[in-house]
Amino acid sequence: MEVTKCVLVVDVILIITLSQNNEASKLTPAAHPLSYALPEARELKKALGYNEDTYFNFTELTSKYGYQSEEHTITTDDGYILKSFRILPKCNGNKLYPILLMHGILDTSDVWIIPGEEVGIGYILAANCYDVWAVNHRGNRYSRRHTTLDPDRDVAFWNFSFDEIGNFDVPATIDYILQATNTPKVFYAGHSQGTTDFFVMASLRPEYNQKVQVSFHLAPVAWMSNSYSPIPRALSANVDLFKGVLDATGYIELLARHHLMHLVLEVLCHIAPEPTCGLALSITTGYEQGTIDPKVLSVAFGHLLSGTSAKSLAHYGQLVVSKKFKRYDEGAEGNLKRYKQKKTPEYNVSNVASPVVLISAKNDWFSSLKDVGTLSSKLPNLLENYVVPEPKWSHHNHIWDARLRKYVAPKILEYLERYNN
């Protein structure tokens, strides 16, 4: 039976791949490398017995689980149009400050609600009367728009890394939320790159520290010299070659929802979530297989691989090589043009004046305890460097492991209550 199912699924992949529309094939190489024409393909997925949470979008998921949500559009100073979602408090009398949630690389706002209402941090916060704003990076499936640039045709659209996200996306979002809620400050919670974004913003635009009551950083990423993950290690070994080849060939939008790799992973995770996607997480982040519900993994990989720029991945590779937390190295000539100096400037995290809570893991290959220790030693207003007391806890356990209700959520709620005045 399993063999028959696998054959059917492979046939479906081939059909979808071969059915690419003519317009997509006419686009530039940057637009749709190895694309498939029906990224939703809902009827096919229903026929194959998919969990509907795999293909439901943010508002569909919140509605299914009884939460009211809103969709908001935010435009940055450099023209990127971001889609953000707001989960309204599921109780009378919401708490004073709203909380902004920022996802990691290749993710979307969906990561905060993927595990369902009992485990999803977005739901937990809303159930505790907080006004939740789940934001999306420029370039992912929800935020592929710009005031003048076309992501399918303009290479310039993809000329960004977490430097621009921290410098433009996060400040624009904070200002929008403050205006929409008529409050003086926000809480901030980030996972993985969502933490990098914050430290970039608070370093380059320190005035925004006054607008953040407390920030929470799950799997914080800044210094990366001790990262065990093979992905940044491989990038760091050939980062200039990697970026040069991608630039030359036009493949500068990577691992997007409309790319074939997303479909392949989604299908494999539907068939055998732990042996395929669990293994993928294991060899990239140190994930201990079996610690996250296989059903959650299956749903997660219907949402993961939502697109980023080649420059974002290259920037992380540069952090590993340099052993410093610094801005994107454009080369001597490019640095002079952009930074007015040949050497790439470092982010000055001593500017991060707002209160910070770090939440890290012993078995996280991407965000190692040594690198988190370097970060924590440089933060002037560190409230706590909390290490989850589970030896096998890793990068994604922070957001998808059912035990986060014991280890992570109470820590966040404790500080929210303490500083919500």
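Here are some notes:
- Part-to-part distance (alpha-carbon centres) for the stretch 38-101 and the stretch 372-420, which is given in Å: 24
- Distances between every pair of Cα atoms in the stretch 35-178, grouped in 10 Å steps from 0 to the bin holding the largest one, split as 11, 38, 33, 17, 2 percent.
- Remark: the stretch 137-150, residue by residue, has Karplus-estimated 3J(HN,Hα) of 4, 4, x, 7, 4, 8, 10, 9, 9, 8, 5, 10, 9, 9 Hz, where x stands for each Gly or Pro and the curve is 6.51 cos²θ - 1.76 cosθ + 1.60 at θ = phi - 60°.
- Stretching Arg233 away from Ala180 to a fully extended chain increases their span by 14.9 nm, per 0.36 nm per residue minus the current alpha-carbon distance.
- Convex hull of the stretch 326-381 built on C-alpha atoms - directionally averaged projected area, nm²: 4.9
- Considering only Ala237, Ala409, Ala47, the mean-square fluctuation computed in a Gaussian network model of the chain, springs between alpha carbons under 10 angstrom, is largest for Ala47.
- Dipole-positive endmost among Asn167, Val132, Pro151 within the stretch 103-177 (Cβ charges, Cα centre): Pro151
- Taken along the Cα-to-beta-carbon direction at a fixed 7 Å, the label points for Arg42 and Leu336 span 5.6 nm.
- A Cα-only calculation for the stretch 103-210 places Rg and Dmax at 14.7, 44 Å.
- The stretch 242-281 - Debye-derived log10 I(q)/I(0), Cα point model, q = 0.17, 0.32 Å⁻¹: -0.57, -0.97
- Of the two radii for the stretch 70-142, the radius of gyration is 1.00 times the Kirkwood radius, both from the alpha carbons; that is the Rg over Rh value.
- Filter on Lys185/Lys323; Lys326/Lys406; Lys340/Lys362; Lys83/Lys311; Lys311/Lys342; Lys326/Lys370 - keep pairs with C-alpha separation over 29 Å: Lys185/Lys323; Lys326/Lys406; Lys340/Lys362
- Fraction in percent of alpha-carbon pairs per bin - 5 Å, the stretch 287-326: 6, 17, 15, 13, 13, 19, 14, 4
- Likely footprinting exposure, Val321, Val111, fewest C-beta neighbours within 10 Å first: Val321, Val111
- Per-q log10 I(q)/I(0), the stretch 208-271, q = 0.27 Å⁻¹ (Debye; single scatterer per alpha-carbon; no solvent): -1.09
- Charge dipole (debye, nearest 20) of the stretch 252-383; +1 at Cβ of Lys and Arg, -1 at Cβ of Asp and Glu: 800
- Residues Val245 and Asn92, FRET efficiency given R0 of 51 Å [Cβ-Cβ distance, rounded to 0.05]: 0.35
- For the chain, the alpha carbon positions stretch 58, 55, 42 Å along the principal axes, listed from largest to smallest.
- Residues of the stretch 135-170 with an amide N closer than 12 Å to a point placed 7 Å from the Cα of Asp78 along the Cα-to-Cβ direction: 138-139, 156-170.
- Residue separation of Lys392 and Ile271 scaled by 0.36 nm, minus their Cα-Cα distance, works out to 41.0 nm of gained length.
- In this structure, the amide hydrogen of Val186, modeled 1.01 Å from its nitrogen in the peptide plane, lies closer than 5 angstrom to those of Val212, Gln213, counting only residues at least 5 positions away or on a different chain.
- Normalised per residue, the volume of the convex hull around the Cα set of the stretch 163-266 (Å³): 159
- Diffusion coefficient (Stokes-Einstein, Kirkwood radius over C-alpha pairs, 37 °C, 0.692 mPa s) for the stretch 277-421: 185 µm²/s, rounded to a whole number.
- Mean Cβ count within 10 Å, highest first, over the residues of peptides 81-93, 220-232, 299-311: 299-311, 220-232, 81-93
- Only Lys, Arg (+1) and Asp, Glu (-1) charged, at Cβ; the stretch 87-170 dipole about Cα centre in debye: 180
- Given charges at beta-carbon only (K, R positive; D, E negative), |dipole| of the stretch 197-328 in Debye: 520
- Tail beyond 17 Å, pair distance distribution of the stretch 364-418 (Cα, percent): 45
The numbers here are math on the coordinates, done by the rules we state, and not lab data. This is a predicted model, so every value here is computed, not measured. Neighbour counts are summed over all protein chains in view; Cβ atoms, including those assigned to glycine, are modelled from backbone coordinates with ideal geometry.
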